[in-house]
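Single-structure report; data block below.
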């Protein structure tokens, strides 16, 4: 019997409701069961001898998503994003890069783009300097809106706005390259960037800091944590804050106010509940593009007006992580998060020219998004003969409700004379009189992954079924016409990897993975584009000499994406379907402490990107360089040296030339940047100053501001950016 759309939707909603209630009930039941078992244990311990004596069980537990690698080094040992369990990188048959807290601080990263820019296979700034979004490309695929994860959960994008993350609020950043739909559901084949928040630890943390930078940038930050009291280490807390006021290059605002509290309650060594939240306010600009004159040249002038222009985002997140370890190698985890984002922006944009006079008009955008997410995991560790298994089974659900409005005012001309530009105009914000859109996205997934270790062989394989339903209603205000979309898709994703670890630390591996993405991107007509699919073959070799802080990785990949969306208008985020794109490449990456105090981070990427289906077959996608390379070194003078306490670092970044559009008629030039940093620990002078450190970081020392054009829109690269900071830890 055929099932109609209404019946399918009703069954989906019914299954969704049942899943949410069952998940919540399961967590409550587990908590009650733990409490009862604790009471039974107490009764047995205080009994008169008639009670059964309980056997002591030694537990060695690692919380998923926290990774046990030492964050005080630049070389991570473990990562959780590729498997959702803490797994040694040398035993992971995937290409994974980890940016530890040590590296974030050593390079003075001020945003996520700066955090990942020294990673192999990762391209940042495809639209020049654009602080509105963390715009990142992995293996030729733009993952800005599809690969943004925090604590293992997607930070969704629907229309225009995205959730922002400050690196000071993080413990680490993990980059998984290639499809990961088996564990995370619908996503881009390029990979994901998973950011791990600072959460409570048993170690006491006390830190305050101040930062000054380009331009008129003033920031205060603090990080406190540890046991809630000296007598109670079962309750831990963490409180992180960032308060910033100022601008960046090109007169673009960069204000942020962030507060991030968390508390962990441990019933015993097997049960833990962490409650977390964050509230953040950001203000930057909406149109950060450079002015393109009537002659086609790009000028060092803002297209919009810094006084009129703004983009304001308010976002809040609240949730919990629950974990309970049963006897027999079973561990249950549940992560739940509710997020809300509200964005308001307005800007000026040049629409025509009268001689050397730019005729600019005002535009406005509003975007609101509410997100509910839950991920249930059951991990089982067991043996079958000589093989050891770490099996993970999960069910997750995401619900996104969003509302978008777009407006324009063509009745007022905000003119700008190219020969005598004057900024500082004011005016009213246009009403949302062009279009409005309401979206509702549901995604439900069931997945499983087994990691099998047999001697020196490490095999991983998994699969996932994902169901996605998206309803959308777009109204053109001018004529009152409304377009309704109701799309239901489902897909099966798979992955398999095989690795062999030699005694000397050499580990060759191969892997295969697929992805599925029912995109939320819209065409110029307002219609949602067709889903994209990806397939990747990967082979590589890792080398980690035993007992060292060295990890070398060499990887070759073949990645194909069909129905790839390509950005047409970066201001309103209008997309078009490009067809099929194939990326084939080689990545080399090294993260090593090769001597006491000497850290080296090096990467090289060769990526041949080609349109292999649809229009422009044989051409290359826009802003996709064939080669990229980077090198960062940092040396900390050791005790006994006359410069003890001093740390000096320097970095080089290169990105090859690339085409400005898919027609391949013009190219953006190659770019080369030099970065540097220096810090000093005043504790080297006298122990009474222990914990007081000063740092000075410079990005793009030569102040190179290359023009980057993408599909008809041109931006300037960020100029020289400097920050000086003072921190005190005790």
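Values in this text are rule-based calculations from the coordinates and carry no lab data. All of these numbers come straight from a predicted model, not from anything done at the bench. Glycine also receives a Cβ, built like all others from the backbone with ideal geometry; neighbour counts cover every protein chain displayed.
Using the Cα atoms as the points, what is the convex hull volume per residue of segment 211-265 in Å³? Could you put the intermediate results ahead of the total?
Numbers: hull volume 3.4 nm³, N = 55.
Spread over its residues, the Cα hull of segment 211-265 gives 62 Å³ apiece.
How big is Rg to Rh over segment 182-249, alpha-carbon atoms, Rh as the Kirkwood inverse-mean-distance radius?
Details: Rg = 17.9 Å, Rh = 15.3 Å.
Expressed as Rg/Rh, it is 1.17.
Ratio of alpha-carbon Rg to the 2.2 N^0.38 Å globular estimate for segment 215-329, to two decimals, please. Working shown, then result.
Numbers: Rg = 22.3 Å, N = 115, 2.2 N^0.38 = 13.4 Å.
Dividing the Cα Rg of segment 215-329 by 2.2 N^0.38 Å gives 1.67.
Averaging over all projection directions, find the projected area of the Cα convex hull of segment 306-413 and quote it in nm² with one decimal place. Display every interim value, and only then the final one.
On the way: hull surface 48.7 nm².
Result: 12.2 nm².
Size check on segment 633-730: the Cα extents along the three principal axes, sorted descending, read 63, 22, 19 Å.
What FRET efficiency, computed as 1/(1 + (r/R0)^6) with R0 = 35 Å and r the Cβ-Cβ distance, is obtained for residue 412 and residue 312, rounded to the nearest 0.05? So the FRET efficiency works out to roughly 0.95. The simple spin-label model puts a point 7 Å past each Cα toward its Cβ; for residue 420 and residue 665 those points are separated by 3.5 nm.
For residue 527 and residue 359, FRET efficiency with R0 = 35 Å and r from the beta-carbon atoms, rounded to 0.05?
Values: r = 30 Å, r/R0 = 0.87.
My answer for the efficiency is 0.70.
With q set to 0.10, 0.12, 0.13 Å⁻¹, the log10 of I(q)/I(0) for segment 461-559, from the Debye formula over equal scatterers at the Cα positions, is -0.51, -0.62, -0.67.
With both labels modelled 7 Å from their Cα along Cα-to-Cβ, the residue 215 to residue 327 distance reads 6.8 nm.
Under conditions of 37 °C and 0.692 mPa s, segment 467-624 yields 172 µm² s⁻¹ as its translational diffusion coefficient, taking Rh as the Kirkwood radius over Cα pairs in the Stokes-Einstein equation.
When a/c reaches 1.5 or more, the comparison of a/b and b/c decides; with that in mind, is segment 135-255 rounded, prolate or oblate per its Cα gyration tensor? In terms of gyration-tensor shape, oblate.
Hey, how many Å between the Cα centroid of segment 222-250 and the Cα centroid of segment 539-559? Rounded to whole Å, the Cα centres lie 35 Å apart.
For the chain, the ratio of Cα radius of gyration to the globular rule of thumb 2.2 N^0.38 Å stands at 0.97.
Wrap a convex hull around the Cα atoms of segment 601-657, take a quarter of its surface area, and give that in square nanometres. Show your work: numbers first, answer last.
Details: hull surface 20.5 nm².
Spelled out: convex hull of the Cα atoms, projected over all directions, averaged, 5.1 nm².
Modelled spin-label separation between residue 393 and residue 568, with each label point placed 7 Å from Cα along the Cα-to-Cβ direction: 4.6 nm.
Per residue, the chain reaches -2500 deg cm²/dmol at 222 nm when only DSSP H runs of four or more residues are counted, each adding -39500 (n - 2.57).
Kindly state, to the nearest 0.05, the FRET efficiency for residue 616 paired with residue 537, given R0 = 22 Å and r defined as their beta-carbon distance.
Working: r = 24 Å, r/R0 = 1.11.
Once the sixth-power term is evaluated, E becomes 0.35.
The spread of Cα positions in segment 326-376, taken along each principal axis and listed from longest to shortest, comes to 78, 18, 8 Å. Stretched out straight at 0.36 nm per residue, the stretch from residue 251 to residue 594 would grow longer than its current Cα-Cα span by 119.4 nm.
The C-alpha atoms of the chain define a longest principal axis, and helix 5-45 lies at about 40 degrees to it. Potential lengthening of the chain between residue 646 and residue 690 amounts to 14.5 nm, from the contour at 0.36 nm per residue minus the alpha-carbon distance. With the highest mean first, a sort of the peptides 687-700, 624-637 on other beta-carbon atoms found within 10 angstrom per residue produces 624-637, 687-700.
I need to check one value: relative contact order of segment 161-266, counting alpha carbon pairs closer than 8 Å and at least 6 residues apart, in percent. Show your work: numbers first, answer last.
Details: 217 pairs, mean separation 21.8, N = 106.
Normalised by residue count, the contact order of segment 161-266 is 21 percent.
Rg and Dmax, both from the Cα atoms of segment 568-709 and both in Å, are 21.5, 67.
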